[in-house]
Amino acid sequence: MTVAEVFQEISAADFFYRNRDIAGFTSPSRAVYSTIRELVENSLDACETMGVPPDIYLRLSHESGPVDGPGVYSVRVEDNGLGIPGKIIPSAFGQVLYGSKYKLRQTRGQFGLGGKMALLYGQVTTHSEAQIVSSTGPKDRVTEVILRIDIQQNKPIIMKNKTHPNKHHWRGTAIEFKTEADYSRAMSKILDYMKQTAIIVPYANITFVDPRGRLYRFLRGTTTVPEAPTETSPHPHGVDVETVQRLLKVTNAKTLQEFLRKHFQRIGDATARKFLQYASMGQKKTPRNMTPDDVVKLVNAMKNYEDFLAPDSSCLSPLGEDLLATGIKKELGITDDDIAQGHAYVGTLQRKPATYAGFPFIVEVGLASSKNIPTEGKILLFRFANKIPLLFDEASDVSWKVVNNTIDWRNYKVAPGETPLAVFVHLCSTKVPYKTVGKEFIADRPDVEHEIVNAIREAGRTLKLYLSKKEHLATERKRLDVFEKYLPKIAQFSTKLAKQKREPEVSTLLKSVMKYGPANEDEQEQE
Amino acid sequence: MVPQTKMSRNKSKSSIKERKGKVLTSLEELGGQVYKQIVDHEFPTFRMPSRSIANILYDDKTRQYILGKRSVKRSARNVAHIRPFTQLLWTAMFADELTSQNKTSTLRDVFYSAQAYEMDFRDQAESDNLITDLETVTSFSREDFNVYPEERSAIFGDLTVEYTVPGYEGKRLNLSSHPDGVMIGPALTTAEFVQHDRKKVDKIIAIEKGGLFTRFIEERVHQKYRAVLIHTAGQAPRATRFLLRRLNQELDVPVYIFTDGDPWGMHIAMVIISGSANAAHLRDLNTPDAIWGGVWATDIVDYKLPSDPLTDLDLKRLNELEKDPRYAGDLWKREIDTFRKVKKKSEQEAFSRYGLTYIVDKYLPAKLKLKSN
């Protein structure tokens, strides 16, 4: 009895094409949202790496098909980022899992997959190619590449590859291709995405021309770009067997002690020696003669050893309290005058770096209150991870749980649903603990949750001062209103009752109420 | 008290006009006091007796509930007071208009009229409460300000009254002219008593139930016993209590009260005699010398009246009344004890067991011999 089974190797591109759902390309409306998101995020990363304030231009135009359902659209994204050297453009765009994002530092995308998925989706839905134009500097020539992806081979098919003189001393990248999209359905999410991106990237100019010819501009509120994150080696608490196995294969270290020191952060010779003793890895073991069992033993020991220093957080690039406040103010339409006059409140707070499972992270929160914030019976929550807005599955997110269940807002003078309040939570990490591959909501890891709770509580204290003062002023205003309403009536009625002709003036009395305020009133009540 | 002997000849002294004058003066004084304080750049204030339970005391002398010495100060300087302060002045102004123009109004009218002055009252209860405040401040009752509740009491007898209400000033009416009796409304409450003849009227009989009131008229009780009959229709309205007092004092005739033989009927009589706690801020609403003629608990026994057993609610009420200082008199104590002992109650109509006229022919003459309770 024989069964002929055909084992077929599929390429990475093929794999992701077949599993496009996991990358957020489930339907034409979700796909156009994901396309825009991936392209904009790549552009923002390209600018931030250079430390330049991003200028992003995005255009989505309708090509054919119905306008109120799935149709063919062309999408164009331009940035002023670091640009891509002409030689690697074909691989960077035409080969899945080829990219610059495999090192440990905080970036928006994790594998450089999203941009290529967008291209891939466009290609399979419209049978058209993509145009990439890029320049790495004002003095460099401009490279223009037109390509398709050979899905089965996971290779670019180059149809045009030319360089042009750089007349305008341009630096950046522009990508244009056709794709299937359903703009009518995706529109509100796309606009939400832009607006929230403008909050969390307040130093970017974002211009969007939508298929209906409308121009949306999100202008930067500052030119300060947060420091770019540095690359780091992994922390021993944050690795798995596979990672260590790979490192062992490529290392040129002769001893385990050297191996640990060279490839992990927070390990010097002394720490390495102590750890190896703890792990009972004998002198005879070297990176070359480690058996698979040895590797498992080593990794388990790494996870359990408690004397490593906490992970280095220099690989993180939080926004910072000032920039977060800038973003919140400009997108919620809150001016510094509003704040100075007590009509609105914006408070931001950054926690010290913390770690979960060997990965460093930083929580930043913002609390804003203003009449511009709709109440709608709930607290408005904005979630961000590594400077990306998270728009879907809000109720599954750890921040939602914290805001709606953990925090007792009454302690901060907030009446949820009545007090206009927006909460902003930004989590920065080399590995954001997303609950699913869709990258839309964050799991409730206890360490992360703890930091978010503390951040909101700490920020809440200043919010409380503001709301108390506002409450006091409102009470005072109400009190004055009462006097303004009734004193003239008392004058009117008593004049009539007393059969007098002229109504007496109450302005002096009214003034005295305002002048002395409530203190005087207390005195009166004690009489 | 006014000398009664001469007054009874022709027309009693014009107590109504005099009283109206006093009401208007007190309202003007209230306004004047507030006016002056504003002119002097002071926040207007006034004091009035507290109506809290702790300040309601029973006064043995006047044999009614009165307010004690505690007073509350209302100040326009206090943000919590200024609204009721203004509402009170508005109410005073409204009362002043009603009284001087001889217009009458109901509590419901007060509530709606306020809205024209942007003097919003939250609800009827709030505006009712303000009327009570005004009563407390001026110690006149709302009927003095021409604010009346729904009418339901009636009067019948050979007594002539002279109206003072607009359109009827000087017009006279004999209270026996209509066989159903005459409704005790604003016009009758403010009418003067004239041509009182002691040979025709030498007592007043107040009756709880309408059926018996009609029977008394049919049986010519007013002639047989020279009585003015008053139907209280349950608990007597204030206007009726005020009228009973005036009849008692201005005509100098005794007042007899006949109610059902149960704790509730007993209390109807008591309120006519000693007033209610709710009206502790007012005077001249009670008739201390009025006599409760029955139906007593002892009558149920003596006359072997058909009866019903007392309910738990009735018994509970008896316990309350027992602690009430108004029930300190011997008769009241005896009747409460008897009710407790026999655990029975009888309605006024129970006398019909002995024939329809028994109550008039036998029971009433016996009771009218009472000089006091």
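If neighbour count is taken as other Cβ atoms inside 10 Å, put A:88, B:131 in order from fewest to most.
Details: A:88 14, B:131 20.
Ordered from fewest to most neighbouring Cβ atoms within 10 Å, A:88, B:131 come out as A:88, B:131.
Given the rule -39500 (n - 2.57) for each run of at least 4 DSSP H residues, summed and divided by the residues of chain B, what is its mean residue ellipticity at 222 nm, to the nearest 500 deg cm²/dmol?
Working: 14 runs with 148 residues, N = 373.
Result for chain B, helices only: -12000 deg cm²/dmol.
Taking a ≥ b ≥ c as the square roots of the Cα gyration tensor eigenvalues, with a/c under 1.5 meaning rounded and otherwise prolate when a/b beats b/c, else oblate, which class fits segment A:230-299? Please report the intermediate quantities before stating the final value.
Working: a/c = 1.41, a/b = 1.15, b/c = 1.23.
Because its axes are fairly even, with a/c under 1.5, segment A:230-299 counts as rounded.
For the cross-link pairs A:116/A:178; B:20/B:69; B:200/B:362, which exceed 24 Å when the distance is taken from alpha carbon to alpha carbon?
Details: A:116/A:178 13 Å; B:20/B:69 27 Å; B:200/B:362 21 Å.
From the list (A:116/A:178; B:20/B:69; B:200/B:362), the Cα-Cα distance tops 24 Å for B:20/B:69.
Pull up all non-local amide H partners of residue B:204: gap of 5 or more, or a different chain, and H-to-H distance under 5 Å with H placed in the peptide plane.
For residue B:204, the qualifying residues are B:228, B:255, B:256.
Roughly how crowded by other chains is peptide B:90-98, in terms of the mean Cβ count from those chains within 10 Å of each of its Cβ atoms?
Numbers: counts 6, 1, 4, 6, 1, 1, 4, 2, 0.
For peptide B:90-98, the averaged partner shielding equals 3.
Once Rh for the protein assembly as shown is found with the Kirkwood sum over Cα pairs, what is the Stokes-Einstein diffusion coefficient at 25 °C and 0.890 mPa s, in µm²/s?
Values: Rh = 36.8 Å.
Rounded, D is 67 µm²/s.
Among the lysines, which have Cα under 19 Å from the Cα of residue A:139 when same-chain residues fewer than 8 positions away are ignored?
Counting by Cα, and skipping residues close in sequence, residue A:139 has these lysines nearby: A:87, A:162, A:167.
At 222 nm, what helix-only mean residue ellipticity would chain A give, in deg cm²/dmol to the nearest 500, using -39500 (n - 2.57) for each DSSP H run of four or more?
Numbers: 14 runs with 201 residues, N = 527.
Taking each H run of at least 4 residues, the total per residue is -12500 deg cm²/dmol.
Segment B:267-373: which trypsin sites (Lys or Arg not before Pro) are DSSP loop and have at most 12 other beta-carbon atoms within 10 angstrom? If you can, show how the numbers build up before the last one.
Values: sites: B:283, B:304, B:316, B:317, B:323, B:326, B:333, B:334, B:340, B:341, B:343, B:344, B:345, B:353, B:362, B:367, B:369, B:371; in loops: B:283, B:304, B:343, B:369, B:371.
The qualifying sites are B:304, B:369, B:371.
What trypsin sites (Lys or Arg not before Pro) in segment A:175-258 are in a loop by DSSP, with at most 15 other Cβ atoms within 10 Å of the Cβ? Don't skip to the answer; put the middle values down first.
On the way: sites: A:178, A:185, A:189, A:195, A:212, A:214, A:217, A:220, A:246, A:249, A:254; in loops: A:212, A:214, A:220, A:254.
Qualifying residues, ordered by number: A:212, A:214, A:254.
Go through segment B:155-169 residue by residue and turn each phi into a ³J(HN,Hα) via Karplus (6.51, -1.76, 1.60, θ = phi - 60°); whole Hz please, and just put x for glycine and proline.
9, 8, x, 8, 9, 9, 10, 10, 6, 10, 6, x, x, 10, 3
For residue A:496, go through the aspartates and glutamates and keep the ones whose alpha-carbon is under 18 Å away, minus same-chain ones fewer than eight residues off.
Those aspartates and glutamates meeting the cut-off are A:505, B:28, B:29, B:40, B:96, B:97, B:118.
Counting only other residues whose beta carbon sits under 14 Å from that of residue A:225, what net charge do I get with K and R as +1, D and E as -1?
Details: positive: A:220, A:387; negative: A:45, A:48, A:55, A:79, A:227, A:322.
Value of the local net charge: -4.
Mind checking segment A:378-460 for GluC sites (Glu not before Pro) that DSSP puts in a loop (not H, G, I, E or B) and that have at most 16 other Cβ atoms within 10 Å? Show your work: numbers first, answer last.
Numbers: sites: A:394, A:418, A:440, A:449, A:451, A:458; in loops: A:418, A:440.
Within segment A:378-460, the qualifying GluC sites (Glu not before Pro) (loop, at most 16 other Cβ atoms within 10 Å) are A:418.
Could you tell me the center-to-center distance, by alpha carbons, between segment A:261-310 and segment A:349-394 in angstrom?
With segment A:261-310 and segment A:349-394 each reduced to a Cα centre, they are spaced 37 Å.
Reachable lysines from residue A:401, Cα under 18 Å, same-chain residues fewer than 8 places away excluded?
Candidates past the 8-residue exclusion: A:378, A:435, A:439.
Assuming a strict under-20 Å limit between Cα atoms, what lysine pair count do you get for segment A:218-354 once near-sequence pairs (fewer than 8 apart, same chain) are dropped?
21
Step through the residues of segment B:350-355 one at a time and calculate ³J(HN,Hα) from phi using the Karplus curve (6.51 cos²θ - 1.76 cosθ + 1.60, θ = phi - 60°), rounding each to whole Hz and writing x for Gly and Pro.
My calculation for segment B:350-355 gives 4, 5, 4, 3, 9, x Hz in order.
Shape verdict for segment A:340-454, please, from the Cα gyration tensor: rounded (a/c under 1.5), prolate (a/b greater than b/c) or oblate.
Working: a/c = 1.94, a/b = 1.67, b/c = 1.16.
Here segment A:340-454 falls in the prolate category.
Report, by chain and number, residues whose modeled amide H sits under 5 Å from the one on residue A:161, excluding near sequence neighbours (fewer than 5 apart, same chain).
Those lying under 5 Å, H to H, from residue A:161 are A:146.
Would you grab the residues whose amide H sits under 5 Å from the one on residue B:345? Only those 5+ places off in sequence or on another chain, please, with H modelled 1.01 Å from N.
B:308, B:310
Quick one: grab the alpha carbon gyration tensor of segment B:156-305, order the square roots of its eigenvalues as a ≥ b ≥ c, and give me rounded if a/c is under 1.5, else prolate or oblate depending on whether a/b is larger than b/c. Intermediate results must be reported in sequence, preceding the final value.
Values: a/c = 1.94, a/b = 1.33, b/c = 1.46.
Oblate shape, in that a/c is at least 1.5 and b/c is the bigger or equal ratio.
Restricting the calculation to Cα positions, tell me the Rg (one decimal) and the Dmax (whole number) of segment B:268-343 in Å.
13.6, 42
Using each residue's phi in segment A:310-325, evaluate 6.51 cos²θ - 1.76 cosθ + 1.60 at θ = phi - 60° and report the 3J(HN,Hα) Karplus result to the nearest Hz, with x for Gly and Pro.
Per residue, the Karplus-derived 3J(HN,Hα) values read 4, x, 6, 9, 5, 7, 9, 10, x, 7, x, 4, 5, 5, 4, 4 Hz.
Going through the cross-link list B:209/B:333; A:489/A:511; A:499/B:36, which pairs have a Cα-Cα distance over 18 Å in this structure? Mind dumping the intermediate values first?
Working: B:209/B:333 24 Å; A:489/A:511 16 Å; A:499/B:36 12 Å.
Pairs exceeding the cut-off: B:209/B:333.
Quick note: the coordinates plus some simple rules give every number you see, no bench work behind them. Given the structure is predicted, the values throughout are model-derived calculations rather than measurements. Counting neighbours? That spans all protein chains shown, and the Cβs are built from the backbone with ideal geometry, glycine included.
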